[in-house]
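Quick one: the structure is below, and I'll ask about it shortly.
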Amino acid sequence: MKEYVEGSVNILSKVILKTVSSHETFLDLAKKEKPEQVPKIIKSLHQVHSQKLMEFEFHTINEKSENNLHIIYFHGGGLCLKGGMPQWMIINKWVKSTDAKASYIIYPMIPHYKTKEIYEISFRIYEQITTLYPKDKFILIGDSAGALIILSILQLIKQKGIKKPELNILLSPWIDFTLSNPDMTLYMSKDKLLSISRFAGLNEYHDIEESNELISPLNYDYDDDIHIYAGTNDILYPDMLLFEQQNPHIKFKIFYNCPHVFMLLPMKQSDIVHKDIISSIKLL
């Protein structure tokens, strides 16, 4: 079910978008990155419990919460770039308002892993968290590529028959890895953050066709509770429309004139999204 909201980008957010926009590919940017760390401000606000599956860490805050709500967050970044302060700050906002636990996942990434293994290991991390916190109600939230991981995990959860999340929230989701929708070109001039050329080189790491367990989310019928929040100034928006046509039961809130992952920016429309997310979590 689609719902439309008026939107616009304020001056501060325009400055931020101009600062973070780049012509470099995600793979080129990934070569310059250092290992991801929990921000110092989060460590000052919360006791952080860091755990591992293989070499992949997941960091849990507000572990002493007694309401059994548990957010599991997968960050975006083209499956090859780390997350950081913007994601942690929105997690902190949700935790303060809901008293939920929250686990932030540092998952395997391109170029060291291909997509099939990224999704499978991310599923195993989710499975381990459900074992560590068996009484919790889980809410999966991801921005951009993190949402693509969630949609793949949901397929594996159903196949393996393990505990399902109560709610799945996708922020400006990347839904089809192949970026093959011709309508994306219609949004190129509007999108100030993404371009198809920035994804160059990633396709050689896409190997879910070799899997008997995973298919593109565009070709999968989901029976899960899924909420999507997105802006129209996003080259990934056409695939979100196709996804909603395939899964008309989902909640899809669309913000006119807002950019990719605008909910990470200091905008009035971001506040609407976060209030909505908090309300949905509290209802569980």
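Values in this text are rule-based calculations from the coordinates and carry no lab data. Not measured: the values here are computed from a predicted model. For neighbour counting, all protein chains shown are included, and Cβ atoms are generated from backbone atoms with ideal geometry for every residue, glycine included.
Would you confirm whether or not the stretch 132-141 contains a residue that is aromatic (F, W, Y) and assigned to a helix (DSSP H, G or I)?
Among the residues of the stretch 132-141, not one is aromatic (F, W, Y) and assigned to a helix (DSSP H, G or I), which makes the answer no.
Could you identify the single residue in I208, I196 that is in contact (Cβ under 8 Å) with a residue 24 or more places away in the chain and either surrounded by 15 or more Cβ atoms within 10 Å (Cβ to Cβ) or within 20 Å of I150 (Cα to Cα) (or both)?
I208
Return the residues of the stretch 21-58 that are surrounded by 13 or more Cβ atoms within 10 Å (Cβ to Cβ) and among the aliphatic types (A, V, I, L, M); say none if nothing qualifies.
L27, L29, A30, V38, I42, L45, V48, L53
Just to be sure, is T232 farther than 27 Å from Y113 by Cα and touching a Cys at 6+ places or on another chain (Cβ under 8 Å)?
Against the criterion (farther than 27 Å from Y113 by Cα and touching a Cys at 6+ places or on another chain (Cβ under 8 Å)), T232 qualifies.
Grab the helices (runs of 4 or more DSSP H) fully contained in the stretch 9-52, keeping just those with 1 or more residues being closer than 30 Å to T131 by Cβ and β-branched (V, I, T). Lay out the reasoning, then the answer.
Values: elements: 11-20, 26-30, 40-45.
Qualifying helices (runs of 4 or more DSSP H): 40-45.
Here's a follow-up. Among I162, I149, I175, I169, which is of a type in the set (A, V, I, L, M), in a loop (DSSP other than H, G, I, E, B) and in contact (Cβ under 8 Å) with a residue 40 or more places away in the chain?
Numbers: I162 fails: in contact (Cβ under 8 Å) with a residue 40 or more places away in the chain; I149 fails: in a loop (DSSP other than H, G, I, E, B); I169 fails: in a loop (DSSP other than H, G, I, E, B).
None of the others qualify; the one that does is I175.
So, one more: So, in the stretch 61-85, of the ones that are in contact (Cβ under 8 Å) with a residue 60 or more places away in the chain and farther than 30 Å from I235 by Cβ, which residue ends up surrounded by the most Cβ atoms within 10 Å (Cβ to Cβ)?
Only one residue tops the list, namely H70.
Are any residues in the stretch 188-217 under 23 Å from F26 (Cα atoms), in a helix (DSSP H, G or I) and either of a type outside the set (F, W, Y) or in contact with a strand residue (DSSP E or B) (Cβ under 7 Å, 6 or more places away or on another chain) (or both), and if so, which ones?
Looking only at the stretch 188-217, we keep the residues that are under 23 Å from F26 (Cα atoms), and these are 188-209, 216-217.
Applying the additional criterion that residues be in a helix (DSSP H, G or I) yields 196-199, 202-205, 208-209, 217.
Scanning the stretch 188-217 gives I196, S197, R198, L202, N203, E204, I208, E209, P217.
Scan the stretch 95-131 for residues that are in contact (Cβ under 8 Å) with a residue 12 or more places away in the chain, more than 27 Å from K158 (Cα to Cα) and in a helix (DSSP H, G or I) and jot them down.
V95, S97, T98
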